[in-house]
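Worksheet: one structure, shown below.
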Amino acid sequence: MTDTMIRTSALTKRFTVKKETVEAVRGLDLRVMRGEMVALLGPNGAGKSTTLRMLTTLLPPTSGEAEVAGFDVVTRQREVRARIGYIGQGNGAGHSQRGRDELISQGRAYGLSVADARRRAQELIDSLDLGAVADRVVSSLSGGQRRRLDIAMGLIHAPELLFLDEPSTGLDPQNRANLQEHVVRMHAEHGTTIVLTTHYLDEADALADRVIVIDHGKLIADDTPERLKADHAGDRITLTFDSEDELRRAEGHTLGITAARTGLTLTLRADGGRHLVQKLMRGFDEAGVHVSAVEVARPTLDDVFLALTGRSLREENQA
Amino acid sequence: MIHDTTIVFSRELRPVLRDPFSVIFTMVQPLFFLVLFSPLLPEETGLQWFVPGMIVMSCLFGAGSTGGNLLFEMQTGSHERMLVSPLRRSALIVGRALKEIVPTMVHSVLIIAITIPFGFRPHAGAVFGLLLLAIMCVGLGALSYSLALASKNKEWIFWAVQQTISFPLLLLAGMLLPIEGGPAWLQFLSKLNPLSYLVNAERELFNGEVFTANVGLGLLAAVGVAALGLWVGTRQMRHAVA
Ligand SMILES: Nc1ncnc2c1ncn2[C@@H]1O[C@H](COP(=O)(O)OP(=O)(O)OP(=O)(O)O)[C@@H](O)[C@H]1O
Ligand SMILES: [Mg+2]
């Protein structure tokens, strides 16, 4: 038993399409320990899927090395494949197949006996709420139902290391919560090491012990969500005023913290927001400035991304 | 290897078993040829000559286009899922190619059954004929899958190549019209086509001649295509990336 589940050094992938070279992943150095739950965060095209594909033996690296579950992803592919689970960005079930059949054959592919594969398939069908559609042809399923089937296939053999590429894309809020519950349970009950990519910042925040931010194929931050927020973005204090005049007078009493102005609101960023608000309000009171609304927000991972790259992940998602 | 191949084989076969009528729908093409072409045949040769060729044709079109299924799975992501599984890469191609035997046999038996009321009389040697056909369709299936793997992200290449190759192979093997009377260059091209040997062998087998040179050549052609197809396919699958 190794305690390091993933170790990469200078992992790099270049694609050449029509003489143009895309550096999808550039010199990634990663280390993930057994039992960790890690989220890869980054905008579209950042290199998340390419990284997962190299780690799952689907793509040979251009240069650099990677070891997964103790085995090299290039020279010991079979050993790696036997130890991992992978839920890709696409749909894993064949469209002319029935869901239950695919689940059972997936279980068989990972060495379960027919009886065990059947039993596991039934468990997952029940817990992922697929009972009504499991015996239908996959092409007749809705996008969210297909996604749940993908997740069931990835979980069927209870792997020690599970990769999920945007597992919750296309799921409604209820099913997203259900998926998160599954992931948390796998992690808690079996000590499964989990690496997932996501565009949902709240999901990364809620699930991951560790967030790795990737941009343009490079690792730009790697820490717990709390530390990332503490280090890269303070609390956000939003003050709203009734008039231009009040706002202008308030600007003189922000305790030296720079305030960004939009319309009739001032936004301040600082650590220890709650405490600071009390101080600010006392100052405004003394100066006779009336504040119509105050809001203190804990920083989000988006604030972290914004602080690190000058761009917001949210905007990219909506584009 | 056998374990893995069985898993892939049964996965491929399952949709057919769940919905057996789908197999019948895929054989409209040979049926059209039978209905529209056989009335034009000369009295004395007739169905005895034509039906064995139709059986090879249904194998050529059926197994030859099966790569389209893989191509679709490459787009949706289920091929990627299988590539990450611990199944041996060779099993991914062998299991798929072996499955081609089932629809090919069903088609052949149906073609025979349909033509018997119209006067077709297969000899017992036909059993050996079906065996040769099974070997050939495994080879053609494997080649079709190889073409699909080579057409990754360029689906049109698969269909363009498959269509462009199928018809010359069909005509040059003398499935619809005899080649013997044709010009020398046509006969030469026909000799390069492995399907020609299979068609000749099938005609002799269905008419009761079993231990002939042509049957031997047909067997050789079928085994050759199967070996080539499985070799190319396994190589391709080993190097397949997502
Ligand atoms: N097979 C390929 N051939 C050429 N370029 C590729 C290939 N796969 C990925 N790329 C390029 O590599 C870069 C990284 O792609 P990747 O799919 O890893 O991004 P991602 O972070 O997963 O993005 P998304 O959030 O959109 O899924 C992109 O610029 C993409 O166009
Ligand atoms: Mg991606």
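Some observations on this one:
- Point-charge dipole on Cβ atoms (K/R +1, D/E -1) for chain B, about Cα centre, debye to 20: 880 debye
- Chain lengthening between A:HIS216 and A:GLU189 when straightened (0.36 nm per residue, less Cα-Cα): 6.2 nm
- For region A:112-181 and region B:76-105, distance of Cα centres in Å: 22 Å
- Compared with the dominant Cα axis of chain B, that is its longest principal axis, helix B:67-76 is turned about 20°.
- Per-residue SASA entry for B:ILE24, accessible area with 1.4 Å probe, Å² rounded to 10: 80 Å²
- Charge dipole of chain A about the Cα centre (unit charges at C-beta), most positive-ward option of A:VAL291, A:ALA233, A:GLN174: A:GLN174
- For the protein assembly as shown, convex hull volume per residue from C-alpha positions, Å³: 199 Å³
- Taken over the C-alpha atoms, region B:2-238 has Rg and Dmax values of 17.9, 57 angstrom.
- Size descriptors for region B:127-242: radius of gyration and Dmax over Cα atoms are 15.8, 50 Å.
- Accessible surface comparison of A:GLU226, A:GLU166, probe 1.4 Å, protein chains only, largest first: the order is A:GLU226, A:GLU166.
- Potential lengthening between B:SER10 and B:LYS154 on full extension [0.36 nm per residue; Cα-Cα distance subtracted]: 49.0 nm
- Taking chain B as a Gaussian network of alpha-carbon nodes connected by springs under 10 Å, the highest mean-square fluctuation of the residues B:LEU40, B:LEU149, B:LEU217 belongs to B:LEU40.
- What chain B shows is 45 Å² of accessible area per residue, with the surface traced by a 1.4 Å probe over protein heavy atoms.
- Region A:234-298: proportion of alpha-carbon pairs further apart than 19 angstrom, %: 18 percent
- Between A:ALA177 and B:LEU131, the simple spin-label model (points 7 angstrom out along Cα→Cβ) gives 6.5 nm.
- From the alpha carbon centroid of region B:112-153 to that of region A:14-44 is 46 Å.
- Residue-by-residue Karplus 3J(HN,Hα) for region A:251-263, coefficients 6.51, -1.76, 1.60, Hz, glycine and proline x: 4, x, 10, 9, 6, x, 8, 5, 10, 8, 10, 9, x
- Computed from the Cβ-Cβ distance with R0 of 22 Å, the FRET efficiency linking B:ILE24 to B:ARG121 stands at 0.40.
- Zone of B:LEU177's modelled label, taken as backbone nitrogen in region B:192-215 under 17 Å from a point 7 Å along Cα→Cβ: none
- Listed residues A:ALA158, A:ALA93, A:ALA206, most fluctuating in chain A (Gaussian network, C-alpha, under 10 Å): A:ALA206
- Surface composition of chain A: carbon plus sulfur atoms hold 47% of the accessible area, using a 1.4 angstrom probe and ignoring ligands, DNA and RNA.
- Take each residue of peptide B:221-233, count the partner chain Cβ atoms within 10 Å of its Cβ, and average: the result is 0.
- When region A:4-229 is reduced to its Cα atoms, the Kirkwood hydrodynamic radius in Å: 18.0 Å
- Accessible area of A:VAL74 in the full protein assembly, 1.4 Å probe (Å², nearest 10): 80 Å²
- A Cβ-based charge dipole, computed about the Cα centre of region A:234-298 with Lys and Arg at +1 and Asp and Glu at -1, lands at about 300 debye.
- Whole-Å distance, taken between Cα centres, linking region B:1-50 and region B:166-239: 18 Å
- Ranked order, A:ARG83, A:ARG148, A:ARG120, B:ARG18 - accessible area, probe 1.4 Å, largest first: B:ARG18, A:ARG83, A:ARG120, A:ARG148
- Accessible-area order (highest first, 1.4 angstrom probe) of the listed residues A:GLU181, A:GLU36: A:GLU181, A:GLU36
- Note on B:LEU40/B:PHE188: beta-carbon distance plugged into 1/(1 + (r/R0)^6) with R0 of 22 Å gives a FRET efficiency of 0.25.
- The accessible area of A:ARG185, taken with all protein chains in place and a 1.4 Å probe, comes to roughly 100 Å².
- Residues in region A:77-94 that, when all protein chains are in place, have 20 Å² or more less accessible area than the chain alone would give (probe 1.4 Å): A:ARG78, A:ARG81, A:TYR86, A:ASN91, A:GLY92, A:GLY94
- The loop-placed GluC sites (Glu not before Pro) in region B:146-242, going by DSSP, that have at most 11 neighbouring Cβ atoms within 10 Å of their Cβ come out as B:GLU180.
- Rounded to the nearest 20 debye, the dipole magnitude of the protein assembly as shown is 1260 debye, with +1 charges on Lys and Arg beta carbons, -1 on Asp and Glu beta carbons, and the Cα centre as origin.
- Listed residue (B:GLY208, B:PHE9, B:LEU87) projecting farthest to the positive dipole end of region B:2-238, Cβ model: B:LEU87
- Cα pair distances in region A:92-145, grouped into 5 Å bins until the bin that holds the longest one, percent each: 4, 23, 30, 25, 14, 3
- Pairs from A:LYS18/B:LYS191; A:LYS19/B:LYS152; A:LYS229/A:LYS279 whose Cα-Cα separation, in the structure shown, is over 28 Å: A:LYS18/B:LYS191
- Nearby lysines by direct alpha-carbon distance to A:LYS48 (threshold 16 angstrom, same-chain neighbours under 8 apart not counted): A:LYS13, A:LYS218
- Stretched out straight at 0.36 nm per residue, the stretch from A:THR224 to A:MET281 would grow longer than its current Cα-Cα span by 17.3 nm.
- Given R0 = 25 Å, the distance between the Cβ atoms of A:ASN44 and A:SER292 translates into a calculated FRET efficiency of 0.05.
- Options B:VAL225, B:PHE50, B:GLY174, ranked by Cα towards positive dipole end of chain B, top entry (Cβ charges): B:VAL225
- A 1.4 Å probe run over the protein chains yields, for region A:234-298, 60 Å² of accessible area per residue, whole-number rounding.
The values are calculated or read from the model by the stated rules, or taken from the named source; none is laboratory data. Keep in mind that what you see is a predicted model, and the values were worked out from it rather than measured. Cβ atoms come from the backbone with ideal geometry, glycine included; neighbour counts cover every protein chain shown. Accessible surface is based on the protein model in full, side chains and every heavy atom, while ligands, DNA and RNA are left aside. Shrake-Rupley method; radii C 1.70, N 1.55, O 1.52, S 1.80 Å.
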